[in-house]
Amino acid sequence: MLDFEIKPLTDFEELKTLDFRDDGSDPLGVHNFVQVRAQSYGRNKLSVIWGVKSGQRLMGFFSVSMSSIQTKKLEAVEHVPEASTIYSYPVMLLGQLGVDREHRHKGIGSMMIKFCVGLAQELGGRIGCRYVVLQTSQDRTDLYHKLRFVQSSKPPTESKVWMYRKLA
Ligand SMILES: CC(C)(COP(=O)(O)OP(=O)(O)OC[C@H]1O[C@@H](n2cnc3c(N)ncnc32)[C@H](O)[C@@H]1OP(=O)(O)O)[C@@H](O)C(=O)NCCC(=O)NCCS
């Protein structure tokens, strides 16, 4: 069993050497994000980019930000009756997630998602946060369903669906 360390990245050079494509294609733009935008997003506080290492070896990353979700994207059962004048709820956005091609199907992606839920739960004890949310393609929802995320029944935006998990 490998020991993993998960912490915010400050050096993006190693991240850029990893490959987040699927057989050369990058349908969700994750590889492009790492190559072109991750460093600026981190520096400009649009996201915090976290890396997952085993020993000295970087294997994956994710980005998280404070955000909000429009209540209309959530199922009616999620609406808080006493907050009917609020049109969006506070969330943690899991903006990007990738595991290097060489290290997939070992549970690293799932581990990072669980870590995000734990982080949101911890921060949610200090600042309001009702869900962890993300957007993904319809063919990738299984990974999140297994981790108790619900898919929004609202129509996809740019062919991506919204998924959310309520914090306990
Ligand atoms: C999606 C991703 C993060 C999963 O990482 P991982 O470490 O392999 O994840 P886990 O081992 O915890 O779980 C693997 C599961 O993810 C799902 N999955 C992984 N790649 C997938 C793909 N290309 N299409 C659909 N589902 C996929 C499957 O349910 C898979 O289950 P299996 O191992 O039983 O086949 C990784 O494949 C990746 O980086 N892909 C490219 C970038 C991407 O799609 N990011 C997600 C954006 S929402």
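Readers should treat all values here as calculations from the given coordinates under stated rules, not as data from a laboratory. Fair warning: this is a prediction, and the values are worked out from it, not measured in the lab. Cβ sites come from the backbone with ideal geometry, for glycine too, and all protein chains shown count toward neighbours.
Computed quantities for the displayed model
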quantity	calculated
The chain - percent relative contact order, Cα under 8 Å, separation 6 or more	19
Listed residues 31, 117, 70: farthest to the positive end of the dipole of the chain (Cβ charges)	70
Nearest 10 degrees, 0 to 90: helix 108-123 Cα axis against the chain principal axis	50
Gain in span if fully extended, residue 137 to residue 66, counting 0.36 nm per residue against the direct Cα distance	23.4 nm
Simple label model, 7 Å out from Cα along Cβ direction - residue 157 to residue 14, nm	3.4
Which of 48, 161 has the fewest Cβ neighbours within 10 Å, and the rest in rising order	48, 161
Estimated [θ] at 222 nm from DSSP helical runs (n ≥ 4, -39500 (n - 2.57)) normalised by residues in the chain, nearest 500	-5000 deg cm²/dmol
Contour minus Cα-Cα distance for residue 126 and residue 102 (0.36 nm per residue)	4.9 nm
Once the Cα gyration tensor of the chain is diagonalised, semi-axes √(5λ) in Å	28, 17, 15
Stretchable slack from residue 79 to residue 35, in nm (0.36 nm times residue separation minus alpha-carbon distance)	12.0 nm
